[in-house]
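S.K.: Below you'll find the structure I mean.
The values are calculated or read from the model by the stated rules, or taken from the named source; none is laboratory data. Computed from a predicted model, the values in this text were never measured in an experiment. Positions of Cβ are generated from backbone atoms using ideal geometry, with glycine treated the same way; all protein chains shown enter the neighbour counts.
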Amino acid sequence: MKMKKLAVLAAAAALCMGIAACGTKTDSKPAAASAAANNEKKVVVYMPSPAGLTDKLAKGFEKKTGIKVEVFQGTTGEILARVEAEKKNPAADVVVLASWSDGLNMKKSGALASYKPQNADKLDKAFIDNDNQLIGYSASAVGVIYNKNVIPQLSADWKDLADPKYKGQLAIPDPMKSGACKDFLAGYVNKYGWEALEGMAKNGMKVPGANKAALEAVTTGEVGILVAGVDYNAYKAKKKGEPLEIYYPKSGTIVNPRPAMIMKTAPHKDNAQKFMDYLLSDEGQQLVANAWLLPGRTDIKAKGTQLKDIPQIKPEWDKMMAIATETAKKLNEICGKK
């Protein structure tokens, strides 16, 4: 009887050891997989327009490092939706957005890793957060873009566009798709309230779509004026010979740093850090300037209007974050966008 008990105990001990061994083996898989992923010669980057800049940055980085860049391009809204959909199986190493407030929301959720890239000390102070999680490698500002064939000359301030004489002539990008427009609206409403925007809505202001579709409406002459149009799009269109002009209204606009961020769940963290270094390199920043964006580094000159010459609304990001989404939804509602 004692022998039987001893046999049972021995079998149980062996079973426990087997389970423990299996447990140890299972626990080691994530670490091994992570190490293997980090040794891959690739980095996965989610990036908004302009597409031409994304392609050039990817090719430049690949040539310099030998690391392949896998890119997903989309609007800020599309990128955020993809990141959310992939939460259980994250793929992105670096996420770039056209909205600083959306980047701050990602930081608030605990999704970001800290890393201070090379040349970060040359960034405009407003283009990097205190924890080195949001790196404003570039920036854009929105202004008033108008078709000179429809309206030969224009210098109206934002509130002036509520005048009935502009009825039927206004369009605005969809702020639920355009991060730059979304942040501008939050900054404008935070400082000035809704009166001017409601007046523009009464003038029949249209919401054709994201930045590209909104600019197209003005380029073709469907409307004469684009409210809160992204500046780099206007500069590029002008260079191509389109009859467009842009200015920044005197009461100010929001200069929106475009944050590049390493995800805490990045499968290729080392390569992600190298990509961030490249974004702030001389070569990377010159590519930014050539795309008519404002470079993040203060020692690289913009091709369009210089940062110091843009009249600005000082952003209060915490207050703006609190109202940004609801402000964007309300704007679409009062403009009749379904």
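S.K.: Going through the stretch 256-284 one residue at a time, which ones are polar (S, T, N, Q), farther than 12 Å from Thr65 by Cβ and surrounded by fewer than 22 Cβ atoms within 10 Å (Cβ to Cβ)?
M.R.: The one that is polar (S, T, N, Q), farther than 12 Å from Thr65 by Cβ and surrounded by fewer than 22 Cβ atoms within 10 Å (Cβ to Cβ): Thr265.
S.K.: Suppose we keep only residues that are part of a strand (DSSP E or B) and not aliphatic (A, V, I, L, M) within the stretch 246-255. Which one would you say is surrounded by the most Cβ atoms within 10 Å (Cβ to Cβ)?
M.R.: In this case the residue turns out to be Thr253.
S.K.: Okay, next question. Search the stretch 294-329 for residues being assigned to a loop (DSSP other than H, G, I, E, B) and among the hydrophobic types (A, V, I, L, M, F, W, C), and hand back the single one that is nearest to Ile128 (Cα to Cα).
M.R.: Per the stated criteria, the residue is Ile300.
S.K.: Does Ala196 satisfy being surrounded by fewer than 19 Cβ atoms within 10 Å (Cβ to Cβ), within 11 Å of Pro249 (Cβ to Cβ) and either touching a residue at least 24 places away in the same chain (Cβ under 8 Å) or in the same structural domain as Tyr248 (by TED's automatic domain parsing) (or both)?
M.R.: Against the criterion (surrounded by fewer than 19 Cβ atoms within 10 Å (Cβ to Cβ), within 11 Å of Pro249 (Cβ to Cβ) and either touching a residue at least 24 places away in the same chain (Cβ under 8 Å) or in the same structural domain as Tyr248 (by TED's automatic domain parsing) (or both)), Ala196 does not qualify.
S.K.: Something else now. Quick one: how many residues across the stretch 182-214 are modelled with pLDDT of 95 or more, under 14 Å from Ile323 (Cβ atoms) and assigned to a helix (DSSP H, G or I)?
M.R.: Number satisfying all stated conditions: 10.
S.K.: Hey, another quick one. For residues in the stretch 155-180 being assigned to a helix (DSSP H, G or I) and modelled with pLDDT of 95 or more, which is farthest from Ala237 (Cα to Cα)? Walk me through it before giving the result.
M.R.: Initial filter on the stretch 155-180 (assigned to a helix (DSSP H, G or I)): 158-162, 164-166, 179-180.
Subsequent filtering for residues that are modelled with pLDDT of 95 or more retains 158-162, 164-166.
Details: Trp158: 22, Lys159: 26, Asp160: 25, Leu161: 23, Ala162: 26, Pro164: 28, Lys165: 26, Tyr166: 23 Å.
Step by step, filter the stretch 155-180, then rank; the result is Pro164.
S.K.: Let me ask something else about it. Of the numbered conditions (1) charged (D, E, K, R); (2) in a strand (DSSP E or B); (3) closer than 21 Å to Arg297 by Cβ, Glu70 fails exactly one; give the number of that condition.
M.R.: (3)
S.K.: Would you mind finding the one in Ser155, Ser99, Ser49, Ser140 that is within 30 Å of Gly168 (Cα to Cα) and in contact with a Phe, Trp or Tyr (Cβ under 6 Å, 6 or more places away or on another chain)?
M.R.: Exactly one residue qualifies, and that residue is Ser140.
S.K.: In the stretch 29-58, which residue that is closer than 18 Å to Ala272 by Cβ and of a type in the set (Lys, Arg) is modelled with the lowest pLDDT?
M.R.: The selected residue is Lys41.
S.K.: In the stretch 259-282, what residues are among the hydroxyl-bearing types (Ser, Thr, Tyr), outside any helix (DSSP H, G or I) and within 18 Å of Ile128 (Cβ to Cβ)?
M.R.: Of everything in the stretch 259-282, just one residue is among the hydroxyl-bearing types (Ser, Thr, Tyr), outside any helix (DSSP H, G or I) and within 18 Å of Ile128 (Cβ to Cβ), namely Ser281.
S.K.: Would you pick out the residues in the stretch 82-108 that are in contact with a strand residue (DSSP E or B) (Cβ under 9 Å, 6 or more places away or on another chain), acidic (Asp, Glu) and over 17 Å from Lys269 (Cα atoms)?
M.R.: Residues of the stretch 82-108 in contact with a strand residue (DSSP E or B) (Cβ under 9 Å, 6 or more places away or on another chain): 82-83, 90-104, 106-107.
Those still in the list that are acidic (Asp, Glu) too: 93, 102.
Listed by number, the list holds a single entry, Asp102.
S.K.: Of the numbered conditions (1) closer than 17 Å to Met276 by Cβ; (2) surrounded by fewer than 20 Cβ atoms within 10 Å (Cβ to Cβ), Asp93 fails exactly one; give the number of that condition.
M.R.: Going through (1) closer than 17 Å to Met276 by Cβ; (2) surrounded by fewer than 20 Cβ atoms within 10 Å (Cβ to Cβ) one by one, Asp93 breaks only (2).
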